[in-house]
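Contents: one structure, followed by commentary.
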Amino acid sequence: MIEKSEKRGFILTVLVVSLVGILLILSPGVSAHPLDDDYNGSSEMNTSENAIVMNANSKTLPQGCDSIRGEKKITVKAGKEYARVFPGEMFTYNNRTYYAEPCTKLTVEFVNKDHVRHQWMVHGLPKEIYPMGMFNIEVTGPGKKTGTFITPSKEDTLLVHCGVPQHAQKGMRAQIKIGKSKEDLENIPGISSEKQTGEDGLGGQSPIPDSVVLALGFGIVGGAMIAGYWEMRKR
Amino acid sequence: MMERKVAFVLLFCVLGLGLALLPPPADAHPQHSNTSTNTTVCNFDNPGWREPQIVAGVQIEEDRSCSPDNPNVVAAVTKGTNNVPKKVLKGTGLSNDAVTKCCDKDGDNDPDVINVTLEIVGLNEAGEESLDYEIAPGIKPAFWTFAPKTRGMATEGSAASDLLRMPAPVLRVEEDDTINLKIENTHYLPHTLHLHGVDHPFLDSKGRGNDGVPQTSEQPIMPGESRVYTAKPRTHGTMFYHCHVQPDVHVLMGLQGMFVVEDNLGDNKVQTLNIGAGKVRHPSEDIKEKYDGEFDLQYQGVDKELHNIPKKYNDPRRVAKQTNRVYDVTERDPDYFLLNGKSFPYTVRESQIIVEKNERYRLRILNGGSRTISIHTHGHKFRVEELDGTELPEDAKYYRDVIGLTAAQRADITLNTTDDGQRSYGPGVWFMHDHREEGVTNDGMSPGGTVTMITYESFIKKNGIPHTPEGVSLSKFFDRGYYNRTTPVWDSPTLGEPSGSGAPEAGVEKSNGGSGMLILVVFLVTALIGGLAGGGTVYVINKKLDSESLPTEEDEE
C-alpha cells in the first residue's frame with residue numbers, strides 16, 4: 001500500500017520534472033525582446049509628384065450591381081511607425097481591416113508617412129473591369145493620394161497589400177470585408193497569424209541547437225514518466 | 001518482468017514521438033529544385049529588341065544576345081525619364097523620377113545635372129511571393145541590391161520585375177556633371193551608399209555626411225527613410241559604389257555596382273543606367289570615337305551559407321542577428337560565382353561579348369567579390385589601358401591574357417579582333433573565364449560560374465546562342481538536374497551512371513546524408529541523456545521521500 005502523501009509527493013515530482021522538459025520543448029519558439037529603432041536617419045523632402053492611381057473606377061458597375069448602392073470614404077495611413085507594435089514586422093498600415101458594402105463607390109485617401117514608396121493595392125476584384133483584378137494607389141512619401149473604385153457585388157474578403165518587394169512579407173497586408181464576409185485572411189498583423197508553424201519554420205536546414213533542445217526536452221519527459229511508472233509498479 | 005517490458009515500450013514510444021517531430025534532415029542544396037525543366041537555351045519573347053534602332057531620338061546599338069536590354073529602358077535612362085514620351089516610359093516599369101536630367105551648365109549641348117533614384121530590394125527572400133531570381137537553373141540564393149526606382153507591381157512578368165535583378169545597375173555620368181543619387185531605403189534593414197573612387201566631398205553642401213560610412217560620416221539610412229548623396233567628379237574612369245553598413249555582409253549580399261565617369265564631351269547624353277551590366281547599347285561620344293563597342297563586366301562570389309539567411313528568416317531582427325553576429329565572414333567559402341548577376345549557363349544568354357573582325361572593344365571589369373579573380377580570354381591577348389579608373393601612361397600599357405584583380409579593383413582593357421596571332425587568333429567562340437578553377441563551377445559542379453564567350457558574328461545564331469560543333473550542345477546545362485548532380489556529366493555506357501546497389505555514391509550526395517545522420521545521432525544521444533536525467537531525478541527524489549516518510553505498521557493503525 002502506498003501512503004496518500006507519498007503518492008502525492010511522487011506525482012508532483014513527475015509533473016515538475018515533466019514541466020521542465022516541456023518548457024525546453026517549447027523554448028525554441030520564444031522570440032527575443034523587440035529592439036528599439038533609432039530614427040535618426042536624415043530625411044529629404046519628397047520632391048516629385050510621385051503618386052499614381054491604377055485602375056481607378058467610379059462609373060463602371062461590376063457584374064451583379066445594377067446601381068451604385070452607396071458611397072464611402074476611408075483614410076489609410078502607412079509607414080514604419082505603425083509596425084513598431086508588431087515585433088518582427090517593419091512596415092504596415094495604421095488600420096488593417098476595412099468594411100464596405102457590395103457595389104459601393106469606395107474612396108480611399110492613402111497617406112504615406114515614410115520617405116519611400118508604398119502601395120495600397122487591392123486584389124481579387126472582377127477582372128472584366130479591373131485589369132489583373134487589381135486597384136492600386138502608390139505614393140512616394142511623405143505624401144498622400146486619393147483614389148476611387150467600386151466594390152464588387154460578391155460578399156468576400158479581399159486582400160490589400162503593398163507590392164514593393166518584401167513589404168507584404170514584413171507587415172504590409174490588410175483586408176477589405178465586403179458585405180457580411182466574416183473571413184479573415186492569413187498573416188495580417190494584429191489580426192491573424194502566419195500560415196507556417198513557427199517564425200523559423202520555413203523548412204530547409206534546421207540549426208542543430210533547436211533539435212538538441214527538443215531532444216533533451218522529450219528525453220526528460222519520457223525518462224520521468226518511465227521512471228515514475230517503474231517506481232509505481234515497484235510498490 | 002511485465003514492468004520492464006512496459007517501460008521499454010514506453011521508452012520507444014517517447015523516442016518515436018521525438019523522431020516524428022524532428023525537422024527534416026538538412027538539405028545540402030536548399031536552393032536546388034529536383035524537377036527537370038525546359039532546357040531551351042534561348043527562350044526570349046522580344047527578338048525585335050536585338051535590332052539597332054532609334055527610340056525617342058536615342059540611338060540604340062544592335063545587340064545580338066539572346067536576352068538584350070529593352071531599348072525603351074535604354075532610351076529612358078539616356079534621355080531622362082522626365083524627357084521621354086509617356087508612351088516610352090510606360091512600358092519600362094521605371095518611375096518618373098528614376099533618372100531625371102536637366103541643365104546644360106557648360107554649354108556643350110547635354111544635361112549636366114543628373115538625378116538618379118535608387119531603391120533597395122531583396123531577391124529570393126523569405127515569404128511567399130518574394131521576388132524570384134535565378135542565377136543558374138534551379139539556383140536562387142537571396143540577394144540585396146540597389147535597383148532603379150520602379151512603379152506598379154513587381155510580380156513575375158511585369159515590366160518592373162525585369163529591372164529588379166543582380167547586379168546593381170552600372171551608373172554612368174560625364175566628368176563635371178553634378179550627380180544627385182537619392183537612395184530610398186525600401187528594404188527592411190539600414191543601408192548607406194559609399195562612392196568608391198568617384199570624386200565626392202566628405203560633407204555635402206548642407207554639411208551632412210556624404211561618404212556613407214556609419215562610423216565616420218553619418219547614421220545609416222533606416223528602412224522607410226531616404227537620403228541624397230552628391231558628387232561632381234573631376235576625374236573620369238571606371239569606379240565602384242556600394243553600401244557601407246556592415247560591408248562584410250551587405251557588399252557581398254549584392255549591394256554593389258560599377259560607377260563609370262566618362263570624358264566630358266559635347267552632345268554627350270550618356271546611358272546613365274546599364275541595368276544588368278553587359279553591353280552598353282548607347283555608348284558615350286568618347287567611346288564611340290575610339291571603339292566599336294563597350295561592355296561592363298562585374299564579378300562577385302556568393303557564399304550560400306550567407307545568402308540562405310534572408311531566405312530562411314522573415315523577422316528582420318533574426319536576419320540582422322544571423323547575418324551580423326552568427327555568420328562569420330572569416331570562414332567564408334564562396335559556392336557560386338557571378339558575371340553580371342548570373343552564372344553559366346545563363347551568362348550565355350546575357351553576357352557574351354559578341355564581336356566582329358578587325359574592331360576594338362572596351363571592356364570594363366570590376367571585381368566586387370572577396371576573392372581574387374584571374375580573368376582569361378581564349379583566342380586573344382588584350383591590352384590593359386586603365387587600372388582602378390586611372391589611365392596608364394602609353395608606354396606602360398601592355399598585353400596579356402590573364403588579368404588578376406583583387407577585391408574592389410577595376411581594369412579597363414581593349415579587346416582587338418585583328419587576326420594577327422597576338423591580339424586575336426581569328427574568329428571563333430572563345431571562352432572567357434576566371435582561371436581559378438572554383439570560379440568556373442556552380443557549387444563545385446563544372447562548367448559554371450563566370451564562364452562567358454567572345455563570340456564572333458560568323459559563329460552566332462539568330463537567337464544569340466553560339467554555333468557549337470556537331471554533337472556538342474549547351475542544352476543539358478539548362479536542365480536543373482545537371483547542377484543538382486543527379487545526371488552524369490558523360491552520357492555513355494562506359495562513363496555514365498554506375499549501376500549496382502542504387503545507393504548514392506559517397507561524395508555525390510555530399511552533406512545531404514551526412515548532416516541528416518549527424519542530427520539523428522545527436523538527437524538519440526540527447527534523448528537518452530534527457531531520459532536518464534529525468535528518470536534519475538524522479539528516482540532520487542522518491543528515494544529521498546521514501547527515507548523521510550516510511551510507512552510503519554504502527555502509523556497506519
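The values are calculated or read from the model by the stated rules, or taken from the named source; none is laboratory data. None of these values were measured; they are calculated from a predicted model. Note: ideal-geometry Cβ built from the backbone for every residue, glycine included; neighbour counts use all protein chains shown. Surface areas here come from the heavy atoms of the whole protein model, side chains and all, with no ligands, DNA or RNA. Shrake-Rupley method; radii C 1.70, N 1.55, O 1.52, S 1.80 Å.
For the range A:56-83, give me the residue count where each residue is out of contact with any Pro (no Cβ under 8 Å at 6 or more places or on another chain) and either part of a loop (DSSP other than H, G, I, E, B) or acidic (D, E) (or both). If you could, list the steps in order and put the result at the bottom.
At the first step, the residues of the range A:56-83 found to be out of contact with any Pro (no Cβ under 8 Å at 6 or more places or on another chain) are A:56-61, A:66-68, A:70-79, A:81-82.
From the residues that got through so far, the ones that are either part of a loop (DSSP other than H, G, I, E, B) or acidic (D, E) (or both) too are A:56-61, A:66-68, A:71, A:81.
Count: 11.
Identify, please: which residue in the range B:414-473 is among the aromatic types (F, W, Y) and either open to solvent by less than 10 Å² (accessible area, probe 1.4 Å) or out of contact with any Pro (no Cβ under 8 Å at 6 or more places or on another chain) (or both) and is, among those, farthest from B:I135 (Cα to Cα)? Full working, then the answer.
Applying the first criterion (among the aromatic types (F, W, Y)) to the range B:414-473 yields B:425, B:430-431, B:456, B:459.
Applying the additional criterion that residues be either open to solvent by less than 10 Å² (accessible area, probe 1.4 Å) or out of contact with any Pro (no Cβ under 8 Å at 6 or more places or on another chain) (or both) yields B:425, B:430-431, B:456.
On the way: B:Y425: 32, B:W430: 22, B:F431: 19, B:Y456: 25 Å.
The selected residue is B:Y425.
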Of the residues in the range A:107-121, how many are more than 14 Å from chain B (Cβ to nearest Cβ) and in contact with an Asp or Glu (Cβ under 8 Å, 6 or more places away or on another chain)?
1
Complete set of residues in the range A:122-136 that are within 11 Å of another protein chain (Cβ to nearest Cβ) and outside any loop (DSSP other than H, G, I, E, B):
A:P131, A:M132, A:N136
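State yes or no: is B:M253 within 14 Å of chain A (Cβ to nearest Cβ) and closer than 28 Å to B:D412 by Cβ? Working first, answer last.
Values: within 14 Å of chain A (Cβ to nearest Cβ): yes; closer than 28 Å to B:D412 by Cβ: yes.
Taking the combined requirement at face value, the residue satisfies it.
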Considering (1) of a type in the set (S, T, Y); (2) buried (at least 24 other Cβ atoms within 10 Å of the Cβ); (3) within 14 Å of chain A (Cβ to nearest Cβ), say which one B:S205 fails and leave the rest.
(2)
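Taking the range B:432-447, which residues are part of a loop (DSSP other than H, G, I, E, B) and more than 10 Å from B:D335 (Cβ to Cβ)?
Of the range B:432-447, the ones part of a loop (DSSP other than H, G, I, E, B) are B:435-436, B:441, B:443-444, B:446-447.
B:H435, B:R436, B:S446, B:P447, listed by residue number.
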Taking the stated definitions as given, is B:K90 modelled with pLDDT under 95 and either crowded, with 20+ Cβ neighbours inside 10 Å or not aliphatic (A, V, I, L, M) (or both)?
yes
Scan the range A:188-211 for residues that are surrounded by 18 or more Cβ atoms within 10 Å (Cβ to Cβ) and modelled with pLDDT of 60 or more and jot them down.
A:I188, A:P189, A:S211
Looking at the structure I just gave you, is B:N180 in contact with a Phe, Trp or Tyr (Cβ under 9 Å, 6 or more places away or on another chain) and free of Cβ contacts under 8 Å to residues at least 24 places away in the same chain?
no
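Could you tell me how many of the residues in the range B:82-100 are out of contact with any Cys (no Cβ under 9 Å at 6 or more places or on another chain) and not in a helix (DSSP H, G or I)? Even if it seems obvious, please write down each step before you answer.
To start, the set of residues in the range B:82-100 that are out of contact with any Cys (no Cβ under 9 Å at 6 or more places or on another chain) comprises B:84-100.
After this cut, where a residue has to be not in a helix (DSSP H, G or I) as well, the list is B:84-85, B:91-100.
Number satisfying all stated conditions: 12.
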Just checking, how many residues over the range B:214-246 are among the aliphatic types (A, V, I, L, M), out of contact with any Phe, Trp or Tyr (no Cβ under 9 Å at 6 or more places or on another chain) and open to solvent by 20 Å² or more (accessible area, probe 1.4 Å)?
1
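Run down B:Q322, B:Q300 and say which single residue is open to solvent by 10 Å² or more (accessible area, probe 1.4 Å), in contact (Cβ under 8 Å) with a residue 24 or more places away in the chain and among the polar types (S, T, N, Q).
On the way: B:Q322 fails: in contact (Cβ under 8 Å) with a residue 24 or more places away in the chain.
Result of the check over B:Q322, B:Q300: B:Q300.
Mind telling me which of the residues A:V53, A:V16, A:V20 ends up being out of contact with any helix residue (DSSP H, G or I) (no Cβ under 7 Å at 6 or more places or on another chain), at the interface with another protein chain (Cβ under 10 Å from one of its Cβ atoms) and modelled with pLDDT of 70 or more? Write out each step before concluding.
Working: A:V53 fails: at the interface with another protein chain (Cβ under 10 Å from one of its Cβ atoms); A:V20 fails: out of contact with any helix residue (DSSP H, G or I) (no Cβ under 7 Å at 6 or more places or on another chain).
Just one listed residue meets the conditions, A:V16.
For the range A:84-105, name all the residues that are away from chain B (no Cβ under 13 Å), in a strand (DSSP E or B) and touching a residue at least 60 places away in the same chain (Cβ under 8 Å).
Step one: list which residues in the range A:84-105 are away from chain B (no Cβ under 13 Å), which gives A:85, A:93-105.
After this cut, where a residue has to be in a strand (DSSP E or B) as well, the list is A:93, A:97-100, A:104-105.
Passing the criteria: A:Y93, A:T97, A:Y98, A:Y99, A:A100.
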Of the residues in the range B:378-393, how many are among the aliphatic types (A, V, I, L, M) and either at pLDDT below 95 or open to solvent by 20 Å² or more (accessible area, probe 1.4 Å) (or both)?
2
Identify, by number, the condition in (1) free of Cβ contacts under 8 Å to residues at least 60 places away in the same chain; (2) under 23 Å from the mean Cα position of the chain (by Cα) that B:M239 doesn't meet.
(1)
Are there any pairs with C-beta distances below 6 angstrom linking a residue in the range B:432-454 that is more than 20 Å from B:P488 (Cα to Cα) to a residue that is among the acidic types (D, E) and surrounded by 24 or more Cβ atoms within 10 Å (Cβ to Cβ), with the two at least 6 apart or on different chains, and if so which?
B:T450/B:D434
Restricted to the range B:183-198 and to residues being open to solvent by 20 Å² or more (accessible area, probe 1.4 Å) and touching a residue at least 60 places away in the same chain (Cβ under 8 Å), the residue nearest to the other protein chains (Cβ to nearest Cβ) is B:H196
Within the set of pairs 6 or more residues apart or between chains, which connect a residue that is away from chain A (no Cβ under 11 Å) and closer than 17 Å to B:V270 by Cβ inside the range B:90-108 to a residue that is of a type in the set (V, I, T) and assigned to a loop (DSSP other than H, G, I, E, B) with Cβ atoms less than 6 Å apart?
B:L94/B:T81; B:V99/B:T81; B:V99/B:T272
So which of B:I375, B:I354, B:I365, B:I403 is of a type in the set (V, I, T), within 23 Å of the chain's Cα centre (by Cα) and open to solvent by 10 Å² or more (accessible area, probe 1.4 Å)?
B:I354
Odd one out for A:S153 among (1) surrounded by fewer than 22 Cβ atoms within 10 Å (Cβ to Cβ); (2) touching a helix residue (DSSP H, G or I) at 6+ places or on another chain (Cβ under 7 Å):
(2)
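Which of the residues belonging to the range A:156-172 are surrounded by fewer than 19 Cβ atoms within 10 Å (Cβ to Cβ) and in a loop (DSSP other than H, G, I, E, B)?
First, pick out the residues of the range A:156-172 that are surrounded by fewer than 19 Cβ atoms within 10 Å (Cβ to Cβ): A:156-157, A:159.
Of everything in the range A:156-172, just one residue is surrounded by fewer than 19 Cβ atoms within 10 Å (Cβ to Cβ) and in a loop (DSSP other than H, G, I, E, B), namely A:D156.
Only one residue in B:I120, B:I60 is in contact with a strand residue (DSSP E or B) (Cβ under 7 Å, 6 or more places away or on another chain) and under 19 Å from A:P165 (Cβ atoms), so which one is that? Walk me through it before giving the result.
Values: B:I60 fails: under 19 Å from A:P165 (Cβ atoms).
Testing whether each residue is in contact with a strand residue (DSSP E or B) (Cβ under 7 Å, 6 or more places away or on another chain) and under 19 Å from A:P165 (Cβ atoms) leaves just B:I120.
Filter the range B:109-152 for residues that are at positive phi and at the interface with another protein chain (Cβ under 8 Å from one of its Cβ atoms) and give the result. Let's see the steps before the verdict.
Pass one, the range B:109-152, residues at positive phi: B:109, B:124, B:127, B:129, B:138, B:152.
Answer for the range B:109-152, where residues must be at positive phi and at the interface with another protein chain (Cβ under 8 Å from one of its Cβ atoms): B:G127, B:E129, B:G152.
Could you list all residues from the range B:303-316 that are within 11 Å of another protein chain (Cβ to nearest Cβ) and either among the hydroxyl-bearing types (S, T, Y) or open to solvent by less than 20 Å² (accessible area, probe 1.4 Å) (or both)? Before the answer, list the steps.
As a first pass, look at the range B:303-316 and keep what is within 11 Å of another protein chain (Cβ to nearest Cβ): B:304-305, B:308-316.
Those that are within 11 Å of another protein chain (Cβ to nearest Cβ) and either among the hydroxyl-bearing types (S, T, Y) or open to solvent by less than 20 Å² (accessible area, probe 1.4 Å) (or both): B:I309, B:P310, B:Y313, B:N314, B:D315, B:P316.
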